[in-house]
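Q: Next up is a structure, given as structure tokens.
The values are calculated or read from the model by the stated rules, or taken from the named source; none is laboratory data. Given the structure is predicted, the values throughout are model-derived calculations rather than measurements. Methodologically, a virtual Cβ is constructed for each residue, glycine included, from the backbone with ideal geometry; neighbour enumeration extends over all protein chains shown.
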Amino acid sequence: MMLALSVVLGIVPLLGIAWTVASGTITTVDGLFMSLILLTLSGILFLNAFLEVRNLQVSKQKSAPTAQKPS
């Protein structure tokens, strides 16, 4: 659940950057700072999603039974 929420909320700031570029305000100081803030928010949320996926993979590997070698 947290993974899907992080991905969806990570895409929203990217749409804000697209809107800033489409409206033509990317060349102003306000547009520059807004795009930097939105990129930071998006990066943090995508980092959270990446760490969640990695955590799920590690927990699956630990819970999988290991085959014992015959002695």
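Q: Mind telling me which of the residues Thr20, Thr40 ends up being part of a helix (DSSP H, G or I) and touching a Ser or Thr at 6+ places or on another chain (Cβ under 6 Å)?
A: So the residue among Thr20, Thr40 that is part of a helix (DSSP H, G or I) and touching a Ser or Thr at 6+ places or on another chain (Cβ under 6 Å) is Thr20.
Q: When you check Ser42 against the structure, is it on the phi < 0 side of the Ramachandran plot and surrounded by fewer than 11 Cβ atoms within 10 Å (Cβ to Cβ), yes or no?
A: In short, no.
Q: Here is a list of conditions, (1) surrounded by 13 or more Cβ atoms within 10 Å (Cβ to Cβ); (2) at pLDDT below 95, and Ser63 meets all of them except one; can you say which number that is?
A: It fails just one condition, (1).
Q: Within the stretch 1-33, track down each residue that is touching a helix residue (DSSP H, G or I) at 6+ places or on another chain (Cβ under 6 Å), more than 30 Å from Leu56 (Cα to Cα) and hydrophobic (A, V, I, L, M, F, W, C).
A: Ile17, Ile26
Q: Moving on to the next point. Please give the number of the condition Leu14 fails out of (1) part of a helix (DSSP H, G or I); (2) at pLDDT below 95; (3) among the aliphatic types (A, V, I, L, M).
A: Every listed condition holds for Leu14 apart from (2).
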